[in-house]
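Student: Take a look at the following structure, please.
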Amino acid sequence: MQTDPIADFLTSIRNATSSKHQRVDVPASRLKTEIARILKEEGYISTFKMVDENKTRKMLRVFLKYTPDRRSVITGIKRISRPGQRRYAGALDVKPVVGGLGISILTTPRGLMTGRAARKAKVGGEVLCEVW
């Protein structure tokens with residue numbers, strides 16, 4: 001059986017926003033930290049930090065962001081490339097998400113970046129997820 005830690009991370013965020021939680025804790029990894037960094041830069045979460053409450057495993061604590069009327073800033077979050085079916089896009093194939101209102105996150109030879117930044121840098125890569 002194969003697990004998908006990125007899908008688990010995205011599902012934790014999706015479930016926490018639908019339940020109106022202030023924060024969510026997930027097992028930490030460099031890739032999840034980079035995804036959280038991009039979400040923070042794009043304004044989808046307030047902040048994130050590494051937590052060492054449990055001495056055996058580091059946790060990534062993600063603080064979610066809501067509008068003043070308690071609606072989540074993240075309307076939808078979707079995993080695109082999965083371990084069983086990888087999705088790659090060239091520099092010209094990276095399409096806008098929800099008419100440009102959302103972002104896509106790609107792994108490229110230059111590191112993790114948004115679809116907009118990948119088009120600007122003229123690099124393609126694996127499309128991890130879309131957030132809107």
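The values are calculated or read from the model by the stated rules, or taken from the named source; none is laboratory data. This structure is a prediction, so every number in the text was calculated from the model and none was measured. So basically every Cβ, Gly included, is an ideal-geometry build from the backbone, and we count neighbours across all protein chains shown.
Student: Could you identify the single residue in T75, T47, T33, T56 that is over 27 Å from T108 (Cβ atoms) and either of a type in the set (V, I, T) or not in a loop (DSSP other than H, G, I, E, B) (or both)?
Tutor: None of the others qualify; the one that does is T56.
Student: Within the stretch 83-96, how many residues are at pLDDT below 95 and either within 22 Å of A16 (Cα to Cα) or touching a Leu at 6+ places or on another chain (Cβ under 8 Å) (or both)?
Tutor: Total satisfying the criteria: 1.
Student: Which residue out of T33, T56, T3 is within 11 Å of the chain's Cα centre (by Cα), farther than 13 Å from V131 by Cβ and not charged (D, E, K, R)?
Tutor: Exactly one of T33, T56, T3 is within 11 Å of the chain's Cα centre (by Cα), farther than 13 Å from V131 by Cβ and not charged (D, E, K, R), namely T33.
Student: Then there is this: Take the stretch 109-131 and flag every residue that is assigned to a strand (DSSP E or B) and either in contact with an Asp or Glu (Cβ under 8 Å, 6 or more places away or on another chain) or modelled with pLDDT under 95 (or both).
Tutor: G111, L112, T114, V131
Student: Here is a check on your reading of the model: is A7 closer than 25 Å to V98 by Cβ and surrounded by 14 or more Cβ atoms within 10 Å (Cβ to Cβ)?
Tutor: Spelling it out, A7 is indeed closer than 25 Å to V98 by Cβ and surrounded by 14 or more Cβ atoms within 10 Å (Cβ to Cβ).
Student: Any chance the stretch 66-74 includes a residue that's more than 28 Å from V94 (Cβ to Cβ), among the charged types (D, E, K, R), touching a residue at least 24 places away in the same chain (Cβ under 8 Å) and not assigned by TED's automatic domain parsing to the domain that holds G111?
Tutor: yes
Student: If you don't mind, there's one more thing I want to ask. Sort out which residues of the stretch 86-108 are of a type outside the set (G, A, S), closer than 23 Å to Y44 by Cα and not in a strand (DSSP E or B), and write them in order of number.
Tutor: Matches in the stretch 86-108: V94, K95, P96, V98, L101.
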